[in-house]
Amino acid sequence: MSKLPKTNELGFFEIRLESIGGLGANLAGKMLSEDGVVGNGLNGVGFSSYGSEKKGSPVKAHIRFCEPETNIRDTTPIERPHVVGIFHDALFKTIDCTSGIYPDSTILVNSQKSPDELKNLMKIAGGTIAIIDATGIALEEQTKANTAMLGALYRILDFLDPESMKETIRRTFEKKYPHLVDPNIRTFDRGFNEVEFKTYLPEDGVEPKPFSRPEPVLGYETQALGGMITNPGNSILKDLSISRAGMLPHFHEEKCINCAACDTACPDFCFVWEEKPDKKGRPQMFLSGIDYQYCKGCLKCVTACPVEALSGEREYNDGYADKNRVPHLFDLVTQN
Amino acid sequence: MSIEINQENLKTEMGTVEQSFVFESGNEMAAYAAHQINYHVMGYFPISPSTEVAQFLDGMKSRGEHDIVLIPADGEHGSAGICYGASTGGGRVFNATSANGFLYMLEQLPVQSGTRFPMVLNLVNRSVSGPLNIHGDHSDLYFGLNTGWPILMARDPQIVYDMNIIAIKLAEDPEVRLPVIVSFDGYFTSHQKRRVQVIKNRSDVQKFIGEPPRNFPHALDRENPVTIGPYMNEPDYINNCYQQSEAMYNAEAVFERISKEYAELTGREYPILDLYRMDDAEVAVFMLNSAAEVCKDVVDRLRSQGIKAGVISPNMIRPFPQKQIAEALKNVKAVTVGDRADSYGAHGGNMALELRAALQTVGNAHTKVINRIYGLGGKDFYADDAEHFFQLAIEAADKGFAEKPFDYFGHNPGKPEFAPKRVLNPMKKEDLNTGLITVTPDEKTGELKVKIPPLRSLTKKPKRLASGHGACPGCGIFSGLELFFKGIEGDIVALFHTGCAMVVTTGFPYSSHKATYIHNLFQNGSATLSGLVEMFHERKRRGELAELGLSDDFTFVMVTGDGGMDIGMGPAIGTALRNHKMIILEYDNEGYMNTGSQLSYSTPMGHMTSTSNIGGFQNGKPFHHKDTAQIMAATHIPYVFTGTEAFDRDLLKKAAKAQWYANNEGLVYGKILITCPLNWKSKDELGQTIVEAAVNSCFFPLYEVEHGVTTVTYNPEEKNKRLAVSEWLKLMGKTKHLLNENSKDMLEMFDKEVDRRWNMLKAKHESPYL
């Protein structure tokens, strides 16, 4: 039977997965907790943070393991994880993914970035950073990033038997999607083998940040009555680029015929238009580009484009979206 | 379902029956128990977080694992009706619901208890709310306190399983004969996977609960006709209530008896009160369901510091265990009662009020009671919160009085510097009135002539919705809605039904609505907006808008999913018959996508959803899709249309006409077919391709009905574009199985129905009188 390497005061080894809906963290968490209990003889619990947010929005999965005879009473989300699995490195933009980690926690990130880059982005003092290009593996194997993440997690969680998880993967897919069994086993193995580690010791004299639970920004003295939102259209403040799962459209202005088919197709209103004189000097609308802050990478626009002015491309760690973003010019109150 | 755990190293509860371990959530365990009991009928309607119960049962049914007749109702009121009706037939009945769904069926619950027909309802606790909240608290449960149903509590998935088996036996006991509620916490219990010990063979479960009672009258015995639910005034009615009251109190002793039998069988015993280290406790916390478990860990810690702390959590709250609670508190100096719902204005939550009454009844004036309202809307209750509750009790015990007997806990004032500041200016009226779209009635015939510009020119018109909403990548709702809105000139006031479009655009404190928007629950949006329309016209007539210098031309649009046209069909028809000047716009994505892809009546035959699974015993949805456009056309409103974003100019023209009719004549109903890549299991980028194929296969014909006259606005046959339905179905994962050899009959049946409806439409197109 498995032996847990460390536990908190209630006897739990705790794992938190930070993700975006659609990348499969919820399923990965379920499979992981199930395998720990069913396949490895531990006791445990698995659950996700549920919101009504959809595919592309932040989600968390929580997994607790303990010895088989330990009573599980804690139903609260994991605040002090021993291991964090981050399914998308753009999550740091909007979420404190490493909240509550111990100085010796392990942080697994799906990323093409270097350990040093990630350490700076996450603003952590120490700990072990594990990196896996799960998105790349998934695109190559035609599977999902969650299986590659599971593979990497099993390298970290060395008290669990990877063979037992491979059985779980087999069981999950073989009934409904038998053709997906092999690619998923391959994806798992690649995650397990390709993950790389770098450990940072906390610098001398730097005390680890004490954990404090974040307070909500609004309260009963500042919220409008009845939950009314008196701030129309303020969702423009959000950054949805984290919803992209590896693909984004590129705009080729020279080929564009300004037919607006993309504008009709886009669910996220990313196309930015400008009124300019046409060849005859009459005012006419011209497409000037894409506001990638809101683009979720669905590529509906690429299908809708009757010419080749839009193409679907892989998104690499090269800042393409930031460099080529054409921001919407909103009619902001602050401009008045 | 039911992955068995190797039990070699596990301590097994002692019992006389063979058991095994599974690793499942509370919802799964409710379904697991139900499938072992093998109820006759379940009438249900999807609502988070209880929906999964029906989903799991449907999945098991598709694999032939039980015989329960699963009936997808038109709403919770309907589901309660189905269950009530089924229970009068003498068999076993089951249901699960939550929150507003529970309240929607509330009116039916006293009918069932008052006429004494047993069944079991799993109430998966969730907040009943104005601003919509889907998370766990006890505000729905507290509305159930006066329904006359015994209520059992389940703090974790193990107890959910056990209580479900006890509940049916309790409900059917001749001394009780009442429908029973099993209550457990939404998400905390319903969605957390745990190790659960189950009775291995369902024959043992059935042996324990016994045959359904045969010695009570029912509706299916022609030799002994009965009148169920007579008209009963005084002096007789109070006697019926007295019988019911007696039965309710009997439920306590009957529960204790069944619980003992169950303990012998399984080794797991449930006394009326779950008492944790209460023997010598001086301070205690009283709490319902999952949060009570969090308190137990804290008790262990406090005990190690020498503080005599304990936890009381009832396993049954109807009947309220007054005597046992008073007994448990006899030597306790102070108790903090945590209520996960308020009884606004009552100076305490319901549990605190009843606990105080229990103490007063036995003359206990020495136990101090502190009450805190906590965890509303699923706010987490952590160990340090529990510690604070014990601290409150310790303070009251030390001082001999409770300084603040009632308060909220966990609310926060917020900081003025973070108060919301407005971001966007209102859309400019002149930008919304482009003048590029014109609708003019022909002087002689009255026929509307519509002129629309190229879509390119309309990119200048502001979009009504803002970027930054949280819909899934490739969601068809917003491209569909915005295309429709492009055809509307001037200001819109919109009401959105509960559904994906509502949830992803209004996650507090953000809103993607640039103009005024209202939400109401999806059974009632049509009525709600019709009220606002009439208020607008009346205030306008009285000159109040002019007086205040307010703009007085709005187009009112009610936006609903296809689910909202199921549960909200009644109010939609009422609104149509009253002919209010407004538009009902339905985005049809062929299912209840917001709650996780359950079938709606608009789901086409054979399509896979989470409540129409595919398996050896079931092949997707068993019946045909609802023809909502024809139902609405039958109300003889001035204008009905269908459209999709794949035929952009067609939809744009219809939007312009819709506005004209809504502003000049009365109600308009339009249905747009939109893609849900997540639940159609299709590629994000194929959204338009799929709805285009749906039109070309004649599954979703584009047409309009103007003053009763039908015009097909796009005929794929004339354009040589007609596709076989299979060409459309092959584009989606949810329908791939329909192309298999063993779906041949079903596909043919579906194809015939599509063709029949299309031919009917063509006939209507030919004749102005059809």
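The values are calculated or read from the model by the stated rules, or taken from the named source; none is laboratory data. For clarity, every value in this text was computed on a predicted model and none was experimentally measured. Cβ atoms come from the backbone with ideal geometry, glycine included; neighbour counts cover every protein chain shown.
Among all residues of the range B:604-620, there is at least one that is surrounded by fewer than 23 Cβ atoms within 10 Å (Cβ to Cβ), touching a residue at least 60 places away in the same chain (Cβ under 8 Å) and hydroxyl-bearing (Ser, Thr, Tyr). Where helices (runs of 4 or more DSSP H) fall entirely within the range B:618-732, those with at least 3 residues that are within 29 Å of residue A:21 (Cβ to Cβ) and under 29 Å from the mean Cα position of the chain (by Cα) are at B:677-680, B:687-696.
Scanning the range A:107-141 for residues being among the polar types (S, T, N, Q), part of a helix (DSSP H, G or I) and under 14 Å from the mean Cα position of the chain (by Cα) gives a total of 1.
Does residue A:288 qualify as being of a type in the set (Ser, Thr, Tyr), in a strand (DSSP E or B) and free of Cβ contacts under 8 Å to residues at least 60 places away in the same chain? Answer is yes for this residue.
Just for the range A:244-258: of the residues that are assigned to a loop (DSSP other than H, G, I, E, B) and at pLDDT 95 or above, which one is farthest from the other protein chains (Cβ to nearest Cβ)?
Taking the range A:244-258 first, the residues assigned to a loop (DSSP other than H, G, I, E, B) are A:244-246, A:252, A:256-258.
If we keep only those that are at pLDDT 95 or above as well, we get A:252, A:256-258.
Numbers: A:252: 17, A:256: 11, A:257: 9, A:258: 5 Å.
So, considering only residues that are assigned to a loop (DSSP other than H, G, I, E, B) and at pLDDT 95 or above, the one farthest from the other protein chains (Cβ to nearest Cβ) is A:252.
Only one of the listed residues (A:263, A:239, A:204) is of a type in the set (Asp, Glu) and touching a strand residue (DSSP E or B) at 6+ places or on another chain (Cβ under 7 Å). That residue is A:263. The single condition from (1) away from chain A (no Cβ under 14 Å); (2) touching a strand residue (DSSP E or B) at 6+ places or on another chain (Cβ under 6 Å); (3) touching a residue at least 60 places away in the same chain (Cβ under 8 Å) that residue B:118 fails is (2). Just the residues that are among the charged types (D, E, K, R) and at pLDDT 90 or above, please, taken from the range A:305-336. Listed by number, the residues that qualify are A:308, A:313, A:314, A:315, A:322, A:323, A:325, A:331.
Just to be sure I understand, how many residues within the range A:189-226 are more than 8 Å from chain B (Cβ to nearest Cβ) and assigned to a helix (DSSP H, G or I)? Count: 7. The residues of the range B:633-689 that are within 13 Å of chain A (Cβ to nearest Cβ) and under 16 Å from residue B:557 (Cβ atoms), listed by number, are B:643, B:651, B:652, B:655, B:672, B:674. Among the residues of the range B:120-152, the ones that are part of a loop (DSSP other than H, G, I, E, B) and under 16 Å from the mean Cα position of the chain (by Cα) come to 13 in all. Scoring residue A:229 on the criteria (1) under 25 Å from residue B:417 (Cα atoms); (2) more than 14 Å from chain B (Cβ to nearest Cβ) leaves a single failure, condition (2). For residue A:168, the criteria (1) touching a Lys or Arg at 6+ places or on another chain (Cβ under 9 Å); (2) surrounded by 19 or more Cβ atoms within 10 Å (Cβ to Cβ); (3) within 11 Å of another protein chain (Cβ to nearest Cβ); (4) touching a residue at least 24 places away in the same chain (Cβ under 8 Å) hold in every case but one, which is (1).
Within the range B:402-434, the set of residues being closer than 27 Å to residue B:515 by Cα and away from every other protein chain (no Cβ under 14 Å) comprises just one member, B:433.
Taking into account only those residues within the range B:533-563 that are in contact with a Leu (Cβ under 9 Å, 6 or more places away or on another chain) and surrounded by 19 or more Cβ atoms within 10 Å (Cβ to Cβ), which is nearest to residue B:44 (Cα to Cα)? By that ranking, first place goes to B:560. When restricted to residues that are surrounded by 17 or more Cβ atoms within 10 Å (Cβ to Cβ) and of a type in the set (S, T, N, Q), the range B:734-758 contains 2.
Being outside any helix (DSSP H, G or I), more than 7 Å from chain A (Cβ to nearest Cβ) and surrounded by fewer than 19 Cβ atoms within 10 Å (Cβ to Cβ), is that true of even one residue in the range B:469-490?
As a first pass, look at the range B:469-490 and keep what is outside any helix (DSSP H, G or I): B:469-475, B:487-490.
With the extra rule that they be more than 7 Å from chain A (Cβ to nearest Cβ), the set shrinks to B:487-490.
This time we only want the ones that are surrounded by fewer than 19 Cβ atoms within 10 Å (Cβ to Cβ), so: B:490.
Yes, some residue in the range B:469-490 is outside any helix (DSSP H, G or I), more than 7 Å from chain A (Cβ to nearest Cβ) and surrounded by fewer than 19 Cβ atoms within 10 Å (Cβ to Cβ).
Mind telling me which of the residues A:95, A:86, A:72 ends up being surrounded by fewer than 22 Cβ atoms within 10 Å (Cβ to Cβ), in contact with a Cys (Cβ under 8 Å, 6 or more places away or on another chain) and hydrophobic (A, V, I, L, M, F, W, C)? Spell out how you get there, then give the answer.
Details: A:95 fails: in contact with a Cys (Cβ under 8 Å, 6 or more places away or on another chain); A:86 fails: surrounded by fewer than 22 Cβ atoms within 10 Å (Cβ to Cβ).
One residue alone meets the criteria, A:72.
Any residue that is within 28 Å of the chain's Cα centre (by Cα) and not hydroxyl-bearing (Ser, Thr, Tyr) - is there at least one of those in the range B:534-552? Within the range B:534-552, not a single residue is within 28 Å of the chain's Cα centre (by Cα) and not hydroxyl-bearing (Ser, Thr, Tyr).
Across the range A:259-278, which residue is farthest from the other protein chains (Cβ to nearest Cβ) among those that are part of a loop (DSSP other than H, G, I, E, B) and charged (D, E, K, R)? Among them, the one singled out is A:278. A search for C-beta distances below 8 Å between a residue of the range B:449-478 that is on the phi > 0 side of the Ramachandran plot and any residue that is of a type in the set (Asp, Glu), counting only pairs 6+ apart in sequence or on different chains, returns B:474/B:684; B:474/B:685. Of the strands (runs of 3 or more DSSP E) lying entirely inside the range A:1-106, those containing at least 2 residues that are under 27 Å from residue B:597 (Cβ atoms) and within 10 Å of another protein chain (Cβ to nearest Cβ) are A:43-48, A:58-66.
Tallying residues that are free of Cβ contacts under 8 Å to residues at least 24 places away in the same chain and outside any loop (DSSP other than H, G, I, E, B) within the range A:316-336 yields 5.
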